[in-house]
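Here's the structure we're looking at; comments come further down.
The values are calculated or read from the model by the stated rules, or taken from the named source; none is laboratory data. No experiment lies behind these values; they were computed from the predicted model shown. Cβ coordinates were reconstructed from backbone atoms using ideal geometry, including for glycine residues, and neighbour counts include every protein chain displayed.
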Amino acid sequence: MVSLLCCGPKMAACGLVLSAWGVVMLVLGSLGPERIYGLYEQVSYNCFIAAGLYALLGGFSLCQTRLNKRKEYMVR
């Protein structure tokens, strides 16, 4: 059986925290430029794309955290 576990619990938790922080900061940063459309429109799109990438990283880290917890409960 192929294991999807590729990082430890500390790295998975770190990735989860960083991705949550990244999503919050980038979404908040992309909402501000609505008042100044001309210069910040592309920056807003880039922030939403980066927030999406952080969300994907967060999902991956969450899966790794759950796989690590499952591994702890397995009988050896």
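Here's a check for you: in the stretch 54-76, which residue that is part of a helix (DSSP H, G or I) and over 19 Å from LEU18 (Cβ atoms) is modelled with the highest pLDDT? Top of the filtered list is LYS69. Out of everything in the stretch 44-58 that is within 13 Å of the chain's Cα centre (by Cα) and surrounded by fewer than 18 Cβ atoms within 10 Å (Cβ to Cβ), what residue ends up being nearest to GLY15 (Cα to Cα)? Among those residues, the one meeting the criterion is LEU57. Among the residues of the stretch 1-52, the one identified as of a type in the set (Gly, Ala, Ser), modelled with pLDDT under 75 and outside any helix (DSSP H, G or I) is SER3.
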